[in-house]
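Please read the structure below before turning to the comments.
Only the coordinates and a few stated rules stand behind these numbers; no lab work does. Everything numeric in this text was worked out from a predicted model, so none of it was measured. Ideal geometry is used to build each Cβ from the backbone, glycine not excepted, and the neighbour counts take in all protein chains shown.
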Amino acid sequence: MELAYPTLPASNQIRGAVAKPTVSFIVPCYKLGHLLAECIGSVLSQTYADWEVLIMDDCSPDNTAQVAKSFQDPRVKYVRNEENLGLVKNFNKGIDLSSGKYLWIISADDYLRRPYILERYVELMETHPRVGYTFCPAVNVKDGKETEVCERYGRDRIISGHVFLKSLLKGNLVEAPTAIARRECYERMGAFPTDPVWAGEELDFRWAQDWYLWCLFALSFDVGYLAEPMVCYRVHELSITSTLTQHENVGGCVTADIAVPWLIMRKAQECGLRKVSKYCLRAIAQAYGVHLASKQYRSSTSTMTLNQFEDSLCRSTDDEAERNWIRARTYEALGDAFFSRGDSAAARTFYARGLRKDWRMTRAFAKLILHSLGPPGRHIRKIAVAFRNKVIVPVVRAIG
């Protein structure tokens with residue numbers, strides 16, 4: 001099907017081609033030529049016209065070049081790498097070549113759902129110079145149909161970076177194709193790490209590279225959120241997420257999930273952010289607890305043994321007091337996981353084990369007391385958990 005795009009006024013075309021654009025879209029593309037037209041078409045349809053698009057072809061063996069060169073708009077620029085750089089280096093090359101005040105990295109398989117999203121994003125960022133990046137919920141698309149949307153915060157808002165980071169450290173809340181960021185974020189805080197090392201081990205950071213940057217930027221900038229779902233995230237077998245969560249690759253996802261809060265904690269310490277460092281420690285313990293209890297990825301499940309936990313912990317810090325603090329809260333998190341599965345005996349065991357490492361954990365102590373009361377105590381606990389989830393857990397609703 002041939003897509004029709006609006007014709008822009010000559011003044012906008014000249015401005016986009018000659019002057020530095022306000023926004024640079026960076027579109028990495030590898031084996032996604034069949035989806036590229038819809039992505040670029042959604043940008044061409046935007047009501048806000050001061051932008052450029054850099055299609056970053058990472059030596060794709062398909063028809064990416066043909067599709068990219070079909071757009072007769074000077075704002076759409078095609079770059080083919082001389083050799084395959086891989087995901088992260090391709091991102092960074094796009095950032096280096098771009099010239100916009102705001103940068104939006106969106107994969108060729110995703111697309112903008114509303115023609116006014118860029119206008120709304122730019123207005124928010126221009127009005128609030130402390131905001132480093134802005135995002136919105138994404139709508140999942142499978143087999144060409146919109147399926148569900150994850151609603152995070154309920155209304156438009158500006159969130160303090162450190163407040164947002166406290167939630168973000170528990171897991172990535174920002175769907176990658178929905179976020180626009182200031183160039184200043186990359187200039188001050190750094191681009192995507194190409195050779196990250198944690199606990200003496202080189203990381204495959206493709207799984208967590210965007211999450212790491214959202215955390216890093218939140219150390220120094222506030223975050224904007226628009227509640228309307230205005231971006232479509234395509235779920236398919238060729239997507240990076242699908243590839244990385246296959247069974248043979250999931251170990252890299254586990255390592256990255258645990259490494260990110262460690263790396264952000266070190267950055268926070270370098271900046272003298274003691275309160276933020278404490279958030280990170282709790283997030284580290286939570287991450288260990290989640291993987292000890294087994295985490296479900298898209299197509300596989302993570303596993304971690306207590307011995308692997310100890311090895312990871314001891315390679316990550318030499319401070320025994322810090323290790324014991326993390327151990328205590330990891331055991332508490334593991335107790336919570338067993339409680340959610342209905343295994344009260346195992347939950348009691350790990351709450352007690354955590355308290356032996358740190359008796360000051362009042363929440364773990366309260367949970368242990370409730371479990372000792374038998375069914376009435378567990379019932380009270382379930383009510384408390386349900387109330388908490390109602391308040392803070394994102395709502396996923398179907399698109400009908």
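Summary of computed values
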| item | result |
| --- | --- |
| Contact order normalised by residue count of the range 21-109, Cα under 8 Å, 6+ apart, percent | 48 |
| Relative contact order of the chain, defined on C-alpha pairs under 8 angstrom at six or more residues apart (%) | 14 |
| Other-chain or far-sequence residues with amide H under 5 Å of THR194's (modelled H) | none |
| Sites ASP343 and GLU151 - FRET efficiency at Förster radius 35 Å, r taken between beta-carbons, to 0.05 | 0.65 |
| Candidates VAL43, VAL163, VAL27: whichever shows maximal mean-square fluctuation once the chain is modelled as a Gaussian network with Cα springs under 10 Å | VAL163 |
| Computed E for ARG356/CYS271 - FRET, C-beta separation, R0 30 angstrom, nearest 0.05 | 0.35 |
| Loop-located GluC sites (Glu not before Pro) in the range 35-136 whose Cβ has at most 13 other Cβ within 10 Å (DSSP) | GLU82, GLU83 |
| Inter-probe distance in nm under a simple model that places probes 7 Å from Cα toward Cβ, at GLU187 and HIS128 | 2.2 |
| Listed residues VAL43, ASN63, LEU169: farthest to the positive end of the dipole of the chain (Cβ charges) | LEU169 |
| Subset of LYS93/LYS278; LYS77/LYS166; LYS69/LYS101; LYS101/LYS142 violating a 30 Å alpha-carbon distance limit | LYS93/LYS278; LYS77/LYS166; LYS101/LYS142 |
| Rounded to the nearest 20 debye, dipole of the chain from Cβ charges on Lys, Arg, Asp, Glu | 2040 |
| Relative contact order, percent, the range 61-213 [alpha-carbon distance under 8 Å, six or more residues apart] | 29 |
| Computed lengthening from ALA19 to LYS170, 0.36 nm per intervening residue step minus Cα-Cα distance | 50.3 nm |
| Cα centre as origin, Lys/Arg/Asp/Glu Cβ charges: the range 21-109 dipole, Debye | 120 |
| Positive-end extreme of charge dipole, the range 249-389 - chosen from ALA321, MET361, THR255 (charges on Cβ) | MET361 |
